[in-house]
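Structure first, commentary second.
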Amino acid sequence: MFIDTRGIDEGREIETTICIVGAGVAGITLALELDRCGIDTCLLESGGYRPDDDTRDLYRGENVGLPYTFADGSRSRYLGGSSNCWGGWCRPLDPWDFEARDWVPGSGWPFGLEELEPYYARTHPLLKLGPNEFDPAFWERSINRADVKRIPLVTGHVRDTVAQFSPPARFGRLYRRDLERSPRIRVFLHANVVHIDTDADASHVTKVQVATLSGRRISVTAKRFIVAAGGIENARLLLASNRVQADGLGNAYDNVGRYFMDHPRLMSASVRFSKAWSRNKLYDIKYHYQNAAVSAHGTPISSQFALTPEVLRRERLLNSRVWFYSLFYGEGSEGAEALIRCKQAVLRKDQPGWRFSRDLATMLRHPIDTAGFGVTRLLQPRALIRDVKLQAIVEAQPIRDSRVTLSAQRDRLGMPRVKVAWRLSELVQRTFDRTFALLGEELRASGVAQIELDAPLEGRAWPATLEGTWHHMGTTRMHDSPREGVVDRDCKVFGIDNLFVAGSSVFPTVGANFPTITIAALALRLADHLARSLRAPDALAVSNPPCEAGVGHAAAPFATALPLAAALQRVAKE
């Protein structure tokens, strides 16, 4: 059921069993899984069905660290959350991403990969992925094309890995009817949580205060509350809920908002392929991204390079992923950039202030660059590739002073805006340098390509081409000790018996893989934990008993029993 909060009576108090703040990947996954368990849920979404400028403005704040875009275009504050602007990359974290490493202070999760493996498997129907298989040899055999072949790796320093692509799953559209038809889920749209109320010693949440941009105020009471509003907004809401504890909730040891991480991304070097490898699509992002030619079992895939765990330990480096990046004719020109923005508009990507008339005028002023880039992107003729680079994303080291804090500025709802200080260490620079160098040695040794490396990064200022990947992580990190984290291994906020956090803000370390699949896995794990906890004597009665954890999830993860084909057909008609 969907409810427009702007039409609810002023001051009304909504009662439910579980209240979830945020209807993105984590929030919708939780709501649907709890519904399958027979548990009543309220899902509070700040936006509506589509983006709007007034709601988008609530994300804006100050950047006080490295140059960094964290609001416009990188997040989507409406039903489906960041799945609305997600590229679809999916790969579980590596086993060593969960381990404490003595050269990475603050590294390590409270549990290992084996804890999440069954939940990763359950994400595949949810995210519309293929088989639970990430072995490169399996996919090479399955695709079986001459231009999709694995590169021979001969030095022992480099390995190749595979990511699967979700279509991508736009949760707001894909699961809208499941949410609408459920008798146990109420989705409140245009419902902005502005404060989390607690008892006198801040050990128990009593309600959340909700405001609309139209001026309406209501509240929601529940047995359990889950904050699932994103890596920046989760910290913002905990810090701003400061009527009982001046420093905010869960912040007894000044950890909320700290250890903010994103995956830094850079292009470097120049690649000159040998003739035998000049047309291979498997490792080039321009050719493998959502490409039917690089797919099997109904699922597109991509391959990336990574250093082996032995090399990471020996050289004391962070994790990373690298792929080839072909530069096409006209790429980077004003006409090409205008054409890209028009394509993003067709795909309904968030582009504040975008105007077709302005970009059309730009393309008409630069017809050769525009047409050349468009034809090259469409037909991908190798003769018009002007260069091939290496592009890498590197694991961000958890740094305490990389953080989200509250600004003196306030938004239309009276909430403090955020100040974001994204910081990166020299270890990140050294990881970029050594990863590019070792991969260059590998490609030369295997006869695949000659590599001309750029000047090293370490010890220098970051180049202007550095960018994040809009993976906001780490601001409410998970740990076994409240001195080192904000939530425990069950994602419960330390010191508060009924407040949980979902999403990538709980990641203690982030690896070099894309976070959505891990966000979904953790949400499924949290749903199981909540279902078990509601069997306790003090739990509210629910319409059906909680489900048995782990029974039937992969085959039927949600309340709906419609077959996949019918569900996809239904979504396509929307």
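Here, each number is a calculation from the coordinates, and none is a lab measurement. These numbers come from a predicted model, not from an experiment. Cβ coordinates were reconstructed from backbone atoms using ideal geometry, including for glycine residues, and neighbour counts include every protein chain displayed.
Compactness of the range 447-539 was expressed as the Cα radius of gyration divided by 2.2 N^0.38 Å, which yields 1.59. With angles folded into 0 to 90 degrees, how steeply does helix 356-365 sit against the dominant principal axis of the chain? Use alpha carbons for both and round to 10. The helix 356-365 is inclined about 10 degrees to the chain. The calculated Kirkwood hydrodynamic radius for the range 290-406 is 17.8 Å, given to one decimal from all distinct C-alpha pairs. Placing +1 on the Cβ of every Lys and Arg and -1 on the Cβ of every Asp and Glu, with no other charges, gives the range 102-183 a dipole of roughly 620 debye about its Cα centre.
Quick one: in the range 222-268, what % of C-alpha pairs are over 16 Å apart? In whole percent, the share of Cα-Cα pairs in the range 222-268 beyond 16 Å is 50. The ranking of Ile340, Ile517 from fewest to most other beta carbons within 10 Å of each one's beta carbon is Ile340, Ile517.
Taking N as the residue count of the range 38-197, its C-alpha radius of gyration divided by 2.2 N^0.38 Å amounts to 1.35.
The mean of 1/r over all pairs of different alpha-carbon atoms in the range 9-69, once inverted, gives a Kirkwood hydrodynamic radius of 14.3 Å. Take every pair of alpha-carbon atoms less than 8 Å apart whose residues are at least six positions apart; their mean separation over the length of the chain yields a relative contact order of 25 percent.
Relative to the longest principal axis of the Cα atoms of the chain, helix 113-127 runs at roughly 90 degrees.
Between the alpha-carbon centres of the range 248-321 and the range 68-128 there is a gap of 13 Å. As a length-normalised measure over Cα pairs under 8 Å and 6 or more apart, the relative contact order of the range 219-302 settles at 13 percent. Please go through the residue pairs Lys149/Lys343; Lys128/Lys149; Lys128/Lys492; Lys419/Lys492; Lys223/Lys492; Lys128/Lys281 and name each one whose alpha carbons sit more than 19 Å apart in this structure. From the list (Lys149/Lys343; Lys128/Lys149; Lys128/Lys492; Lys419/Lys492; Lys223/Lys492; Lys128/Lys281), the Cα-Cα distance tops 19 Å for Lys149/Lys343; Lys128/Lys149; Lys128/Lys492; Lys419/Lys492; Lys128/Lys281.
Seen against the Cα atoms of the chain and their longest principal axis, helix 516-533 is set at about 30 degrees.
Taking Cα centre as origin and charging only the Cβ of basic (Lys, Arg, +1) and acidic (Asp, Glu, -1) residues, the dipole magnitude of the chain rounds to 1540 debye. Computed from the C-alpha gyration tensor, the three semi-axes of the ellipsoid equivalent to the range 371-484 are 37, 23, 13 Å, from longest to shortest. Counted by neighbouring Cβ atoms within 10 Å, the residues Tyr325, Tyr289, Tyr119 run from fewest to most as Tyr289, Tyr325, Tyr119.
The value for the chain of Rg(Cα) / (2.2 N^0.38 Å) is 0.96.
Simple rule: put +1 on each Lys or Arg Cβ and -1 on each Asp or Glu Cβ in the chain, find the dipole, and look at Phe514, Pro367, Val256; the Cα lying farthest toward the positive end is Pro367.
Among Glu13, Glu395, sorting on how many other beta-carbon atoms sit within 10 Å of each Cβ, with the fewest leading, yields Glu13, Glu395. Pull up all non-local amide H partners of Asn63: gap of 5 or more, or a different chain, and H-to-H distance under 5 Å with H placed in the peptide plane. Amide H neighbours of Asn63, under 5 Å, 5+ apart: Val420.
Taking 1.567 mPa s as the viscosity and 4 °C as the temperature, the Stokes-Einstein diffusion coefficient of the range 115-233 based on its alpha-carbon Kirkwood radius rounds to 67 µm²/s.
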